[in-house]
Amino acid sequence: MKWDEFFVTGDPFIYAADASIVFTSIGIVFVLTYYKKWKWLWSEWLTTVDHKKIGIMYIIAAVLMLFRGGVDALLMRAQITAPGSEILKSQHYNEIFTTHGTIMIIFMAMPFLIGLINFAVPLQIGARDVAYPYLNAVSFWTFFFGAMLFNISFVIGGSPSAGWTSYVPLAGEELSPGPGQNYYLLGLQIAGIGTLLTGINFLVTILKMRAPGMSIIRMPMFTWSTLITMILIIFAFPVLTVALALMTFDRLFGSHFLTLADGGLPMLWLNLFWIWGHPEVYIVILPAFGIFSEIISTFARKTLFGYKAMVWSMVSIAGLSFIVWVHHFFTMGANAVVNSFFSITTMAIAIPTGVKIFNWLFTLYKGRIKITSAMLWSLAFIPNFTIGGVTGVMLAMAAADYQYHNTYFLVSHFHYVLISGTVFACFAGLYFWYPKMFGHRLNERIGKWSFWLFMIGFNVCFFPMYFLGLDGMPRRIYTYEWADGWFDLNVVATIGAIGMAIGFVLLIYNIYWSFRYAERETTGDPWDGRTLEWSTHTPVPFYNFAIIPEVSGLDAYSRMKRDPAQEKKKEYKPIHMPNYSGKPIFMSVAFFISGFGLVFEWWWMAILGLIGVLAMLLLRSFDYDDGYYVPVDEVERIEKSYE
Amino acid sequence: MAKKCSHFPWQHLIGFLLSIVLTLVALWAGLYSGFSMTIIIVIIVTLASVQAIIQLFMFMHMTESSNGKHQTHVMIHSAFIAVILVAGTIWVLSYGFH
């Protein structure tokens, strides 16, 4: 292989990206060296097993990925604003919509939510860390290096270009030769390890580590949504692992699981992909429901309406999510019985979702509502998400779907549910838990500007797409003709996209502004919170709770505030904590090396990487590390420092 | 805990070796046995089921619990998903393609 096949060449955008990567890397190395921060970075962050720090690292990585996915989106909008424009070539456009979709789902939405889960859930259930802190670090680093492997594709070797769904035979060896599609397979495979481990970790954490008195029907709603999401992860992700492995074998080792020739079954890929893919969309929406439930209840200053109905509706959504997958390929041409079955199960999901919508509305009813940025995102979620949901029911009708399939109607539908559901929830959750993470609030004024620009921009961008879809504009086309008549609405959509971009930039500016100037938060309870995460100090001590709280009912912290008598007894005990470890990051680097070798079919490198992974597993097996105890006088000293 | 860990994990080793042997037998059946397609599929599916059971008992702590409540729950749920996955896939991919 020659160097000009190894690096992507010939496109000015890519050269600009090359330059920016080199300069950013030099900049980071320079700043770390100048301020002598290398040791701090290694011992405080890279080796950490603390769920709060891992959560923050997840969120930082997710915001970076949101930036990258957003730039992809803007480039796409720029290209298709006017007919016949030549900003991007067709291959480049294909690469960009592929990476946009993959990054936004796998490397932005999930990590952002898992970051918030990591930070908030152990605090909400009164635990000192997750059940397997070491595994949690492995989760983060495999996700991170999986994401990096996927992201370097656009400067080294070329990006995948078969869509985020990577349907065969298009994604197969003959039609997508070269390393691009391998990046997709290996990047997702490595990041998937991390997601599966997170699923197991938080399932055990929530089932086994709740504070005394917190029975399963006294858990906060965000914890409930996390529990159900983790069950979905455990059952859905192995299907993706198998599907990715089948395609990897086809591409690298010449097997014929999914090929057209020699008895392969291309539709099996679609089938397996969506058996994972549909639960996946609930994996990114259920935690969002949990976040909105917490925020709406906090700022309406009422207990959540219909707690049990909320839980049962999430359980039924999760159950139904496994029996709707065929609605993604109604047009495959299965018979009427198959399509009708999946049509009905799909429509049935609207029922529990509707129950949840009404429960949020009834929580607001007669509440003393306080409009904060977090609350604004949550309030905007309800009508916007409903639009997405209603168009979802339209798509669920198999006969009508033949008309909507693969058009901008579908594009608009899933952006309405994923942006006003998941992205709004990520922002809302960030505003909500920010004071707990960093010891100061985000500025409300900038926050509201950012909200209105993003929310209005979002509607201006995506609402016209419903009509573009009904006018017959197919998705994933890089250009069209004047005669098609799609120009006007595409201009409107691009204006909306610019509004969203400004909203995002303001959010980042808000983080900077608040870091410099915002008032420091010392109470630990800036929003008059209802759940246990607000009962501990800000910034949260590394052991979370000096004394594990006793829970007497729902909204545990509200009860404590109303009845402070029981808070008196303060007898500290030594606190058992896990040790930090560098093995997770080394193991993930080894995974990265192995993955990179497989992408280019450099077997020596792939084997070397796998030996590294095995060596780390072996080292860990003989590592009898039982953690350490924080002595009572140190706990006393730390607790005094907050007074 | 520390005491339990110092024992040699015989169960894991036996399970691991059995899994490798079963996989090799399946590979042999598929590549070199020369049986008819139906027989090969029956052999592979049988070996896979045996291996799943071995893994459940040797690695997955199926027998370690004061009562079997959790295990029963998890197994029923897994069986439900497995049936949907396998039966659903066959149903979806074989109908409408006559």
Can you run the Rg to Rh ratio on segment A:123-273? Use alpha carbon positions and the Kirkwood inverse-distance Rh.
1.10
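With a 1.4 Å probe and all protein chains kept in place, how do A:369, B:76 rank by accessible area, largest first?
B:76, A:369
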Can you work out the Karplus-derived ³J(HN,Hα) for every residue in segment A:592-606? Use 6.51 cos²θ - 1.76 cosθ + 1.60 with θ = phi - 60°, whole Hz, and x for glycine or proline.
4, 4, 4, x, 5, x, 5, 4, 9, 6, 8, 5, 4, 6, 4
Where a Cα-Cα gap under 15 Å defines reach, which aspartates and glutamates qualify for residue A:573, not counting those fewer than 8 residues away within the same chain?
A:633, A:634, A:636, A:639
Over chain A, the sum of -39500 (n - 2.57) across DSSP H runs of at least four, divided by residue number and rounded to 500 deg cm²/dmol, gives at 222 nm -21500 deg cm²/dmol
Using modelled backbone amide H atoms (1.01 Å from N, in-plane), which distant-in-sequence or interchain residues come within less than 5 Å of residue A:440's amide H?
A:521
Heavy-atom accessible area order for A:495, A:593, A:323, largest first, 1.4 Å probe
A:495, A:593, A:323
Amide H contacts under 5 Å for residue A:7, restricted to residues at least 5 apart in sequence or on another chain and with H modeled in the peptide plane, are A:157
Would you work out which of A:460, A:424, A:23 lies farthest towards the positive end of the dipole of chain A? Charges go on Cβ: Lys and Arg +1, Asp and Glu -1.
A:424
For chain B, report the convex hull volume of the alpha-carbon atoms normalised per residue, in Å³, without decimals.
118 Å³
Give the accessible area for residue B:63 in Å² (nearest 10); use a 1.4 Å probe, count only protein heavy atoms, and leave out ligands, DNA and RNA.
100 Å²
Pseudo-spin-label distance residue A:9 to residue A:509, built 7 Å along Cα→Cβ, given in nm, is 4.1 nm
Can you pull a Stokes-Einstein diffusion coefficient for segment A:461-551 at 10 °C (1.306 mPa s), Rh from Kirkwood over Cα pairs, as a whole number of µm²/s?
88 µm²/s
Largest first, how would A:449, A:602, A:141 line up by accessible area (1.4 Å probe)?
A:449, A:602, A:141
With axes computed from alpha carbons, what is the tilt in degrees of helix A:632-641 against the longest principal axis of chain A, rounded to the nearest 10 within 0 to 90?
80 degrees
Length released on extending from residue A:400 to residue A:629, taking residue separation times 0.36 nm less the Cα-Cα span:
76.1 nm
quick shape note, the protein assembly as shown: Cα extents on principal axes in Å, largest first -> 75, 69, 58
Whole-number value, in Å³ per residue, for the convex hull of the alpha carbons of segment A:503-615 is 229 Å³
With each label point set 7 Å from Cα along the Cα-Cβ vector, what nm distance links residue A:602 and residue A:559?
5.9 nm
Taking amide H positions as placed in the peptide plane 1.01 Å from N, state which residues far from residue A:630 in sequence (5 or more) or on other chains have amide H under 5 Å from it.
A:575, A:576, A:577
Nearest 10 degrees is fine. How inclined is helix A:373-396 to the longest principal axis of chain A, computing both from alpha carbons?
40 degrees
Checking a compactness column here: for segment B:10-60, what do you get for Rg(Cα) / (2.2 N^0.38 Å), N being the number of residues?
1.23
Could you work out how far apart the two model spin labels at residue B:35 and residue A:20 are, taking each label as a point 7 Å from the Cα in the direction of the beta carbon, and quote it in nm?
5.8 nm
Which of B:52, A:232, A:602, positive extreme of dipole for the protein assembly as shown (C-beta unit charges)
A:232
For segment A:247-293: Kirkwood Rh in Å [reciprocal of mean 1/r, alpha carbons]:
12.6 Å
Which ³J(HN,Hα) values in Hz, rounded to whole numbers, follow from the phi angles of segment B:65-74 under the Karplus curve 6.51 cos²θ - 1.76 cosθ + 1.60, where θ = phi - 60° and Gly and Pro get x?
6, 5, 10, x, 4, 4, 4, 4, 3, 5
Going through the cross-link list A:52/A:302; A:370/A:640; A:302/A:570; A:302/A:561; A:356/A:448; A:570/A:640, which pairs have a Cα-Cα distance over 23 Å in this structure?
A:52/A:302; A:370/A:640; A:302/A:570; A:356/A:448
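The values are calculated or read from the model by the stated rules, or taken from the named source; none is laboratory data. For clarity, every value in this text was computed on a predicted model and none was experimentally measured. Quick reminder, even Gly has a Cβ in these numbers, built from the backbone with ideal geometry, and neighbours come from all protein chains shown. Accessible surface is based on the protein model in full, side chains and every heavy atom, while ligands, DNA and RNA are left aside. Shrake-Rupley method; radii C 1.70, N 1.55, O 1.52, S 1.80 Å.
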